[in-house]
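Notes for the one structure printed next.
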Amino acid sequence: MAKSSYLRGADYRSIHNLVGECRELGDDPRSWRGHLLGWAARVAGAPVATEYEAQLRPTVIREVTGWGWERSGLEIEYWLAMNEEFARRGFDFNPMLAAYIAATERGEGPCLSRPDMVPDADWYPTEYFQSYHGPSRADVMTYCILPQRNGMSMGVVLVRPIGDRDFSKRAKAVVGAAHGLIAPLVGGVLAGYSDPSPSTLSPRTRQVLRCALEGDSDKQIAARLGMARNTVNHYVKRIYDHFDVQSRPELLARWVRRGWGGRFAWTDSNEAD
């Protein structure tokens, strides 16, 4: 590895600050992802950054977050059409994905640019470039794809326009290091696009949750709902596992930050409060 690709002290501080800032925004999946993308774009000198959650085989794109498109001069319509075509036609439609996976299996990455994966002579004649990248005026990209704890992959893509230079080795190393710390947190302290909802809990579990959020101890919940104490303990453990928290204060903080408040339908309409 060239010396220029080594991370510096300032890089580690910047990454540490980024992770902390994302954690503070962690209960809003679009806010923390947008913050990550803005940071990555500034670090790498990219006018556009996008992030997606996907499964590669079979191909499923769950959500996409973008940053910088409105002031980039690039045409987002072609990019959106490309994502739709990718989801429809699958993994092999994108000539960079197989090359990216092969490169990471050789120990390269995790953040690689298009020239690292596909030479110019092979890239520019492709349908992928001719139909979508070229018309959008986007060309040089970095890919950084890492697994999340929910089994989906999190991809961060930085984009520069046609004719621009490649990304530096150091920029790719910094973005890859940050992504490597953040991706494993998705679904835990960082909310995923499909983060667990109170609505998927059973009605009885939601009753216990409501009592816990109102400040009742396990003993008080047992008396209030007519349950055995150990049964309440079981429901509370299920609630903690569901929201990936370890205490009532953490559960309450997550609840407040998510903005669920009193709007949540606690019980089925035919159940007593």
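The table for this structure:
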| quantity | calculated |
| --- | --- |
| Candidates Tyr143, Tyr128, Tyr124, filtered to the one that is hydroxyl-bearing (Ser, Thr, Tyr) and surrounded by fewer than 17 Cβ atoms within 10 Å (Cβ to Cβ) | Tyr124 |
| Conditions (1) under 20 Å from Asp164 (Cβ atoms); (2) loosely packed, with under 14 Cβ neighbours inside 10 Å: number failed by Leu37 | (2) |
| All positions within the stretch 72-104 that are among the small types (Gly, Ala, Ser) and under 20 Å from the mean Cα position of the chain (by Cα) | Ala87 |
| Considering residues of the stretch 3-26 that are touching a His at 6+ places or on another chain (Cβ under 7 Å) and buried (at least 17 other Cβ atoms within 10 Å of the Cβ) only, the residue farthest from Ala173 (Cα to Cα) | Leu25 |
| For Gly66: the one exception among (1) open to solvent by 20 Å² or more (accessible area, probe 1.4 Å); (2) free of Cβ contacts under 8 Å to residues at least 60 places away in the same chain; (3) more than 30 Å from Gln130 (Cβ to Cβ) | (3) |
| Residue match in the stretch 206-214 (condition: assigned to a loop (DSSP other than H, G, I, E, B), among the charged types (D, E, K, R) and open to solvent by less than 40 Å² (accessible area, probe 1.4 Å)) | no |
| Residues that are touching a Lys or Arg at 6+ places or on another chain (Cβ under 8 Å), more than 19 Å from Glu21 (Cβ to Cβ) and open to solvent by 30 Å² or more (accessible area, probe 1.4 Å), drawn from the stretch 171-204 | Tyr193, Ser194 |
| Single residue of Ala212, Ala183 found to be hydrophobic (A, V, I, L, M, F, W, C), more than 20 Å from Gln246 (Cα to Cα) and without any contact (Cβ under 8 Å) to a residue 60 or more places away in the chain | Ala183 |
| Residue within the stretch 59-73 that is over 26 Å from Arg170 (Cα atoms) and in a helix (DSSP H, G or I) present | yes |
| Scan of the stretch 98-128 for residues that are in contact with a strand residue (DSSP E or B) (Cβ under 8 Å, 6 or more places away or on another chain), part of a helix (DSSP H, G or I) and not hydroxyl-bearing (Ser, Thr, Tyr), ordered by number | Ala103, Arg114, Pro115, Met117 |
| The listed residue being open to solvent by 10 Å² or more (accessible area, probe 1.4 Å), in a helix (DSSP H, G or I) and not polar (S, T, N, Q), out of Trp79, Trp32 | Trp79 |
| Per-region count, the stretch 226-268, residues open to solvent by less than 40 Å² (accessible area, probe 1.4 Å), touching a Ser or Thr at 6+ places or on another chain (Cβ under 9 Å) and at pLDDT below 85 | 1 |
| Test: residue in the stretch 142-157 that is among the basic types (Lys, Arg) and within 18 Å of Met96 (Cβ to Cβ) | no |
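Yes or no, residue by residue, for (1) among the acidic types (Asp, Glu); (2) within 15 Å of Leu158 (Cα to Cα):
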| position | (1), (2) |
| --- | --- |
| Glu21 | yes, no |
| Asp28 | yes, no |
| Tyr52 | no, yes |
| Arg57 | no, no |
| Gly73 | no, yes |
| Ile76 | no, yes |
| Met82 | no, no |
| Arg88 | no, no |
| Met96 | no, yes |
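This table checks each residue for (1) touching a helix residue (DSSP H, G or I) at 6+ places or on another chain (Cβ under 9 Å); (2) open to solvent by less than 20 Å² (accessible area, probe 1.4 Å).
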residue	(1), (2)
Glu85	yes, no
Ala99	yes, no
Thr104	no, no
Ser136	yes, yes
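The values are calculated or read from the model by the stated rules, or taken from the named source; none is laboratory data. Bear in mind the structure is a predicted one, so any value in this text is a computation, not a measurement. So basically every Cβ, Gly included, is an ideal-geometry build from the backbone, and we count neighbours across all protein chains shown. For accessibility, only protein heavy atoms count, side chains too; no ligands or nucleic acids. Shrake-Rupley method; radii C 1.70, N 1.55, O 1.52, S 1.80 Å.
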